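> Mind looking over this structure? Questions follow.
Every read-out reported here was derived from the displayed coordinates using simple, explicitly stated rules and does not represent laboratory data. Owing to the predicted nature of the structure, the values given are computational and were not obtained by experimental measurement. Note that each Cβ is placed from the backbone with ideal geometry, even for glycine, and that neighbours are counted across all protein chains shown.
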Amino acid sequence: MRRTMRTMFVLLLGVTVAGCSASSDNDSSDGSAPQSVARADSRADSRADSKAAEASRTTAPQPSSPSDMFFQDYGTNPYVSTENDRLSTFAMDVDTGSYTLARSYIQDGNVPPLEAIRLEEFINYFDLKDTPPKDDTFAIHVDAGPSPFGQEGTQLVRIGIKGKEIESESRQRANLTFVIDVSGSMDQDNRIGLVKRSLSLLVNQLKANDRIGIVVYGSTARTVLQPTAVEDEDAILAAIDGLQIEGSTNAEAGLLLGYKMASKTYDEKAINRVILCSDGVANIGETGPEGILRTIEDYAAQNLYLSTFGFGMDNYNDVLMEQLADQGDGAYAYIDDIDEAKKIFQEQLTETLQTIAKDAKIQVDFDPAQVKGYRLLGYENRAVADEDFRNNKVDGGEVGAGHSVTALYELQLKDGAAKPWGKVTIRYKDVDDNNRSRESAAPIGPSEALSDATLFIAAVAEFAQIMKDSEGVGDSRLQQVLQMAEKHAASERQEEFGALVRAFMDIRGK
């Protein structure tokens with residue numbers, strides 16, 4: 001997306017937490033129990049001292065928090081009175097990077113910084129299995145009822161937008177240009193090593209007539225592989241396997257060369273996508289998303305989509321990766337392990353590659369006669385002015401085949417409220433119909449009972465809110481989230497979320 005930036009566009013918050021160096025892991029200053037205790041004259045005290053010393057020697061070292069991690073805090077949406085504004089408008093979003101980054105923090109024994117939490121990327125990580133449309137681009141699903149977490153009388157509304165599904169055999173041919181960061185900061189197995197394994201997975205899922213070109217960048221950018229048909233898979237895999245670390249980080253030069261390559265092989269009947277793999281750290285040339293996008297804006301306007309995939313912890317720039325995808329008509333994901341790579345490049349390959357709608361927006365109109373007020377959970381940096389909902393010059397979001405977009409609202413109803421409470425309208429450019437603008441709408445009103453899917457995703461949203469503002473949050477609230485998630489989980493990935501909540505509770509309890 002190439003959305004107009006806010007006045008205070010990018011505030012890089014460097015969350016730098018001092019950690020222990022490898023050479024000092026066994027020092028007494030690392031936060032573990034002291035290595036010695038004072039002796040007492042009595043045997044009982046001596047035995048107690050001996051046990052304390054033994055406990056100190058066996059105490060596991062505390063994990064060090066990642067340093068030089070750059071995030072931006074977009075705040076939290078306020079409660080809005082319908083007397084002041086009955087309309088809520090925002091761009092669709094299918095990014096998931098915030099969830100997997102937070103998961104990586106927790107699995108490493110750390111609490112994620114609040115700036116890293118974008119609630120919409122938590123709830124959009126999970127496929128709630130909404131029914132896809134039969135003969136349309138999107139199906140709209142609405143589920144509403146008493147909130148399991150809000151104050152008494154609060155209603156929860158889930159709006160689910162499900163994109164049409166496209167079988168892999170019917171997917172368009174793909175022209176992909178890999179732009180790979182091979183600078184010194186990528187010299188770790190969970191960075192360049194995981195990039196190689198992830199892209200190899202992707203290549204193995206492609207069709208023989210798909211094409212791949214590879215550009216790398218360190219201090220400068222260079223071409224590693226000219227666009228090559230996947231039928232020559234061995235040449236492509238050899239080029240990926242042969243990637244070497246080199247120099248500083250000139251993301252601007254890498255993306256410019258990648259877009260130039262993609263534009264030369266552009267095919268209006270194919271998927272034309274640039275895929276950036278990086279830790280987001282840029283220190284040569286333009287280093288921020290605005291400057292980099294200015295460099296490549298002419299190419300980005302030619303239906304060349306940009307997807308960004310983040311790798312690595314410590315010295316990682318989430319802001320750059322998220323905003324480049326936002327402005328580059330693509331999506332942002334963070335890959336923390338090979339299982340996440342399989343999810344993106346195997347299970348969801350068509351969703352990842354083929355766009356079905358551009359500039360997609362959502363507008364909810366609440367009836368002031370029925371609804372006192374509302375609060376949208378998440379989407380703070382996707383806000384669109386109400387009057388720009390039907391302005392085709394104002395950017396929205398891009399959605400891939402089969403993608404799901406979930407939005408949650410908390411409502412306060414007026415006494416004696418009757419349904420409907422309002423309506424939801426979506427507007428988008430239909431990629432399969434020459435980018436013609438289309439709209440669909442559905443009423444909002446109470447369901448007989450909230451579905452398991454809605455109750456599960458409510459637990460996910462509550463978990464994100466707790467991490468966003470955890471001061472004063474007791475374990476009972478987390479325990480309620482855990483019980484709700486475990487009771488209503490409907491897939492292995494949803495069950496893994498319950499384990500993540502438990503891990504977070506263990507960290508807080510230490």
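> Given H placed 1.01 Å from N in the peptide plane, which residues other than close sequence neighbours of Gly373 have an amide H under 5 Å from its amide H?
Thr82, Gln412
> Mind putting a number on the dipole of the chain about its Cα centre? Charges go on the C-beta only, +1 for Lys and Arg and -1 for Asp and Glu, and I need it in Debye to the nearest 20. Intermediate values should be presented prior to the final figure.
Details: 52 positive and 81 negative charges, 110 e Å.
Roughly 520 debye, rounded to the nearest 20.
> First select every other residue whose beta carbon is under 10 angstrom from the beta carbon of Arg427; then total the charges, Lys and Arg +1, Asp and Glu -1. Walk me through the numbers on the way to the answer.
On the way: positive: Lys361, Arg390, Lys429, Arg438; negative: Asp359, Glu439.
Net charge in that neighbourhood comes out at +2.
> Sticking with this one: Is segment 364-505 best put as rounded, prolate or oblate by its Cα gyration tensor, with a ≥ b ≥ c the root eigenvalues, rounded for a/c under 1.5, and otherwise prolate when a/b is larger than b/c, oblate when not?
Working: a/c = 1.94, a/b = 1.44, b/c = 1.35.
Here segment 364-505 falls in the prolate category.
> Something else about it: Among bridges DSSP assigns within segment 168-353, what percent are antiparallel (round to 5)?
Numbers: 6 of 29 bridges.
In segment 168-353, approximately 20 percent of DSSP beta bridges are antiparallel ones.
> Using bins 20 angstrom wide from zero, how does P(r) for the chain break down, in % of all Cα pairs?
With 20 Å bins starting at 0, P(r) equals 22, 52, 21, 4, 0.
> Can you give me the distance in nm between label points at Gln151 and Glu439, each placed 7 Å from the Cα along the Cα-to-Cβ direction?
3.4
> Collect residues whose amide H, placed 1.01 Å from N in the peptide plane, falls under 5 Å from the amide H of Ala174; neighbours closer than 5 in sequence don't count.
So Ala174 has HN proximity to Asp210, Arg211, Ile271.
> A further question follows. For segment 80-125, what is one quarter of the convex hull surface built on the Cα atoms, given in nm²?
Values: hull surface 17.0 nm².
Average of the hull's projected areas for segment 80-125 equals 4.2 nm².
> Here is a further query. Given only helices, namely DSSP H runs of n ≥ 4 each adding -39500 (n - 2.57), what is the per-residue ellipticity at 222 nm of the chain, to the nearest 500 deg cm²/dmol? Numbers along the way, then the final one.
Working: 13 runs with 148 residues, N = 510.
Estimated from H runs of four or more residues: -9000 deg cm²/dmol.
> Now for a separate question. What does DSSP give for the chain in terms of the percent of beta bridges that are antiparallel, rounded to the nearest 5?
On the way: 61 of 86 bridges.
Percent antiparallel among DSSP bridges in the chain is about 70.
> Give, rounded to the nearest 20 debye, the magnitude of the charge dipole that segment 168-353 has about its Cα centre when Lys and Arg contribute +1 at Cβ and Asp and Glu contribute -1 at Cβ. It would help to have the intermediate numbers written out before the result.
Details: 15 positive and 30 negative charges, 116 e Å.
Result for segment 168-353 is approximately 560 debye, rounded to the nearest 20.
> Using 7 Å Cα-to-Cβ label points, what is the Asp108/Glu268 separation (nm, one decimal)?
4.7
> On to the next question. Ignoring GluC sites (Glu not before Pro) that are buried or in helix or strand per DSSP, and keeping those with at most 16 other beta carbon atoms within 10 Å, what is the longest stretch of the chain between them? Provide the component values of the computation, followed by the final result.
Numbers: sites that count: Glu83, Glu152, Glu165, Glu167, Glu246, Glu268, Glu448, Glu471.
Longest run free of exposed loop sites: 269-447.
> Still on this structure: In whole Å, what are the Cα extents of segment 168-353 along the three principal axes, biggest one first?
Per principal axis, max minus min of the Cα coordinates gives 41, 35, 25 Å.
> Now for a different question. Mind listing the phi-derived Karplus ³J(HN,Hα) values for segment 155-165, rounded to whole Hz, using 6.51, -1.76 and 1.60 with θ = phi - 60°, and x for any glycine or proline?
So the J values, rounded to whole Hz, are 9, 10, 10, 10, 10, x, 10, 10, x, 4, 9.
> Just going by the charge dipole of the chain, with Lys and Arg at +1 and Asp and Glu at -1 on Cβ, which of Ser81, Val215, Cys277 is farthest out on the positive end?
Going by the Cα projections, it comes out as Ser81.
> Additional query: Looking only at segment 313-336, which residues have a backbone nitrogen under 14 Å from a spot 7 Å from the Cα of Asp68 in the C-beta direction?
Correct set: 313-318.
> Answer with one residue from Leu156, Ala490, Leu349: the one whose Cα lies farthest towards the positive end of the charge dipole of the chain, charges on Cβ with Lys, Arg +1 and Asp, Glu -1.
Leu156
> What is the ratio of the Cα radius of gyration of segment 303-377 to 2.2 N^0.38 Å, with N the residue count, to two decimals?
Values: Rg = 17.1 Å, N = 75, 2.2 N^0.38 = 11.3 Å.
Its radius of gyration relative to the 2.2 N^0.38 Å reference: 1.51.
> Now for a different question. With a ≥ b ≥ c the root eigenvalues of the C-alpha gyration tensor of segment 232-339, is it rounded (a/c under 1.5), prolate (a/b larger than b/c) or oblate? Write down the numbers at each step before the final one.
Numbers: a/c = 1.44, a/b = 1.06, b/c = 1.36.
Note, shape of segment 232-339 comes out rounded.
> For segment 343-357, just list the computed ³J(HN,Hα) in residue order, Karplus coefficients 6.51, -1.76 and 1.60, θ = phi - 60°, integers in Hz, with x standing in for Gly and Pro.
So the Karplus estimates, Gly and Pro as x, are 4, 7, 9, 10, 5, 10, 4, 5, 4, 5, 9, 9, 7, 10, 8 Hz.
> Also: Tell me which residues come under 5 Å, amide H to amide H, from Gly400 once H is placed; ignore anything under 5 positions away on its chain.
Placed amide hydrogens put Ile356 under 5 Å from Gly400.
> Still on this structure, please answer the following. Tell me the relative contact order for the chain as a rounded percent, counting alpha carbon contacts under 8 Å between residues six or more apart. Don't skip to the end; give the middle numbers.
Values: 1088 pairs, mean separation 111.2, N = 510.
Computed over the chain, the figure is 22 percent.
> How many angstrom separate the Cα center of segment 82-129 from the Cα center of segment 350-417?
14
> Hey, could you pull the Cα Rg and Dmax for segment 177-274, both in Å?
My reading of the Cα-based Rg and Dmax gives 13.0, 38 Å.
> Using the Karplus equation 6.51 cos²θ - 1.76 cosθ + 1.60 (θ = phi - 60°), what ³J(HN,Hα) coupling, rounded to whole Hz, does each residue of segment 236-247 give in order, writing x for Gly and Pro?
Going residue by residue, I get 5, 5, 5, 5, 5, 5, x, 4, 10, 6, 7, x Hz, with x marking Gly and Pro.
> With charges only on Cβ, +1 for K and R and -1 for D and E, what is the dipole size of segment 432-510 about its Cα centre, in debye, rounded to 20? Let's see the in-between values first.
Details: 9 positive and 14 negative charges, 48 e Å.
Here segment 432-510 has a charge dipole of around 240 debye.
> Moving to a separate point now. How many percent of all Cα-Cα pairs in segment 70-210 sit more than 26 Å apart?
Numbers: 4946 of 9870 pairs.
I get 50 percent for the Cα pairs in segment 70-210 exceeding 26 Å.
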